[in-house]
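Beneath this line is the structure, given in C-alpha cells, with notes to follow.
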Amino acid sequence: MRTRFAPSPSGYLHIGGARTALFNYLLARRHGGTFVLRIEDTDRDRSTDESIAAILDSLHWLGLQWDEGPFYQSERGDVYAPYVERMLASGHAYRCTCTPEEVDAMRQKAQAEGRRPGYDGRCRDRTDVDPQAPHVVRFRTPDDGETGVNDLIRGPVLFDNREIDDLVIRRTDGSPTYNFVVVVDDAEMRVTHVVRGEDHLSNTPKQIMMYKALGLPVPEFAHLPLILGPDGGRLSKRHGATSVLAYQDMGYLPDAVINFLARLGWSHGDQEIFTRAELIEHFSLDNVGSSAGVFNGEKLEWVNFQHLKTLPAPQLAAAVKPLIEARAWQIPGNDAWLARMVATLQERAKTLSELVDAAHYYLQDDLTFDAAAVDKHLATASPAVLGDLRAALASLTMWDTAAIQGAFERVLETHALKLGKLAQPVRVALTGGTVSPGIYELIDVLGKDRVLRRLDHALEMMLDRGQGSGARGQE
Ligand code: GLU
C-alpha cells in the first residue's frame, strides 16, 4: 500500500488538510505501507515558501512523518513532458489553437442555446496545427458512456462522459495542468490509494480517463467527507482557529489533536480516546462514514485533557518547557523538579497553556495577591499559628509530604484547629490565591526556602495590618 498527501501550498495547514494527511499516514502505517509527501506547487502565483514551511512544520508537530518526499511538482517538469507527448502520439490528446476569447464565446453560445457550456471540440480532428505555433494540448475525453469511481467510502459513483470537456493538459507556455500532473505523479509514485477531500471527487473521472488513456493502473480512491462547523456551515475561521499550528500555540498536545482529527469521520466502536499506536492498529477506511464530520472545539479540549492527564510527567514537563520559556519565566529547578511541578497540576488544566497559567506561583516569586483571598483567609488568620507552622517547617530535616504533614498536625494539635483553618491562609501566603494542588504537595514542590520566605512575607503583611502580636516562629 502506498498513500500520499498532496497539499497545495497556498496557506497554512488547516484542520481538513491535517485530517487528510492523518488518514493517509494511518493507512500506510496500518498496512506497513509507504506514505509519500508531494507539494503541489505548480500554481506559482498562489504557492509560497511560507506556506510550504508551515505545512512541513505542522506535519512534524503532529508527528505525521512521511517516508518519501517531499516532492515538489514545480521541479518535475521533465517528468511530465514525455507523458504529454505520449498522449499526443496515441491520439488521446490534440493541439488546440482556440484563443481564450474563442473558448469564452463558445461557452456563451452554448449557454444561450441551453446547452452545457464548455469547449466544443472544434480542434479535435485538425491535422494542420503547427507544433511551433502557440497552442494548448487538450485531452480528448470519451464522447459517450460513463466513467465509474468505485469510491471506498461512498461506493460506486457514475459520471456521464458527455459532461466532461476536453480539458487542457498543457498550457500555451508549455506548463502542464493540475489534473494531468496529479495523474502522472500518482502513477510515477506508484500510489495505490488516493485518499483526499470530497471536493476532489469531480476531478476523479477526468483522472481515471487519463490513467486509462496512458495505459496506467488506476489506483483506489477514497473521498473524505467535508468537515463542518458546529452551526452546520463549512468549517471556516468564524468557527475558531482552523490552522494546525494555532493549536500548538494554544497548548494542545499533538497526540490529542490527531486523536480528535481521527474521530472526524472515523470511528471504532464507541471509543473516543486513542493513543497513536491504537489509531494505527485500528484504522480502516471501512469505518469512515460518508456524512460530514462536525468540528467541536469543546470536544477537542476534552480530548486534550484526557491525553494531558495520562501523559507521563517527564514528557509533560518537556512539552510545557518551551511555553514557559516563551513567557521568559525562569524555571527554578532542573527537569526532574519540573516533572514534579507538572504532576501536581496535571489534572487541573485542559491545555499546556492553562497548565503554565496555573503554575505561575511555582515559577514566579513575585506573587500577585488576590485581594478577596487575602481578606477572607489571611486577614482573619492568627499570626501566632502561622508563625508556629513556619517554625515547625523550618525545623524539618526531611522535606517530603509525610514530614510536611507531620509539621501541620503538630501545629493543629497545639492550637486545636482543623486543617482548613490553617491550609487556606497558608495557600494564600504561598500562591496569592485560593486555588492550588494539595497543600502538602504544594509545599513539597515549592521547596523549603521559598516556603519559609513566603510565610515570612505573609507574616509581615499581617503585622503591617496590625494583626496579632507578631508571634514569629523561631528558626
Ligand atoms: N493539491 C490538492 C489540494 O491541496 C490535493 C490533490 C489530491 O489530493 O489529489 O487540495
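Every number here is computed from the coordinates shown, using simple stated rules; none is lab data. Just so you know, these numbers come straight off a predicted model, no measurement behind them. Cβ coordinates were reconstructed from backbone atoms using ideal geometry, including for glycine residues, and neighbour counts include every protein chain displayed.
What is the Å³ per residue value for the convex hull set by the Cα atoms of segment 1-78?
Normalising the Cα hull of segment 1-78 by residue number yields 79 Å³.
Could you compute Rg(Cα) / (2.2 N^0.38 Å) for segment 63-166, with N its residue count?
1.41
For the chain, what relative contact order do you get, as a whole percent, if you take Cα pairs closer than 8 Å and at least 6 residues apart?
The normalised contact order for the chain reaches 12 percent.
Could you please report the charge total around Arg38, scoring K, R as +1 and D, E as -1 over all other residues with beta-carbon less than 15 angstrom from its beta-carbon?
Taking every Cβ under 15 Å from that of Arg38, the sum is -4.
Cα gyration tensor of segment 349-475, axes a ≥ b ≥ c as square roots of the eigenvalues: rounded (a/c below 1.5), prolate (a/b > b/c) or oblate?
Since a/c reaches 1.5 but b/c is at least a/b, the shape of segment 349-475 is classed as oblate.
Let's see if you can work this out: charge +1 on each Lys and Arg Cβ, -1 on each Asp and Glu Cβ, no other charges. What is the dipole magnitude of the chain about its Cα centre, in debye to the nearest 20? Present the calculation step by step, with values, prior to reporting the outcome.
Details: 52 positive and 65 negative charges, 106 e Å.
Magnitude of the dipole: close to 520 debye.
Over the alpha carbons of segment 175-327, what is the largest minus smallest coordinate on each principal axis, giving the biggest first in Å?
Projected onto its principal axes, the Cα set of segment 175-327 covers 57, 33, 32 Å.
Taking H placed 1.01 Å from N in the peptide plane, check which residues at least 5 places from Val194 or on another chain put their amide H under 5 Å from its amide H.
Excluding prolines and chain starts, which carry no amide H, the hits are Glu220, Phe221, Ala222.
Could you give P(r) for segment 120-187, binned at 10 Å from zero, as whole percent values over all Cα-Cα pairs?
Bins of 10 Å from zero give 17, 38, 33, 10, 2 percent of pairs.
Skipping prolines and chain starts, which residues have an amide H placed within reach, meaning under 5 Å, of the one on Ile39, given they are 5 or more residues away or on another chain?
Under 5 Å from the amide H of Ile39: Phe71, Tyr72, Gln73.
Please state the shape class of segment 162-265: rounded when a/c is under 1.5, otherwise prolate if a/b exceeds b/c and oblate if not, all from the C-alpha gyration tensor. Present the calculation step by step, with values, prior to reporting the outcome.
Details: a/c = 2.28, a/b = 2.07, b/c = 1.10.
Because a/c hits 1.5 or more and a/b exceeds b/c, segment 162-265 counts as prolate.
Using a 4.7 Å Cβ cut-off, which Cys residues in the chain lack a partner cysteine?
That list is Cys98.
For segment 254-339, evaluate the Debye formula with one uniform point scatterer on each Cα (no solvent term) and list log10 I(q)/I(0) at q = 0.11, 0.17, 0.19, 0.27 Å⁻¹, rounded to two decimals.
At q = 0.11, 0.17, 0.19, 0.27 Å⁻¹ the computed log10 ratios are -0.41, -0.78, -0.88, -1.34.
Starting from 0.36 nm per residue, how many nanometres of slack lie between Ala133 and Arg234 once their C-alpha separation is accounted for?
Stretched out fully, the Ala133 to Arg234 stretch lengthens by 31.9 nm.
Would you calculate a helix-derived [θ] at 222 nm for the chain, using -39,500 (n - 2.57) for each DSSP H run of n ≥ 4 and dividing by the full residue count, to the nearest 500?
-14000 deg cm²/dmol
Looking at segment 1-73, which trypsin sites (Lys or Arg not before Pro) are DSSP coil and have at most 11 other C-beta atoms within 10 Å of their C-beta?
Arg44
Checking a compactness column here: for the chain, what do you get for Rg(Cα) / (2.2 N^0.38 Å), N being the number of residues?
1.42
Across segment 109-233, how large is the tail of the calculated P(r) beyond 21 Å, expressed as a percent of all Cα pairs?
50 percent
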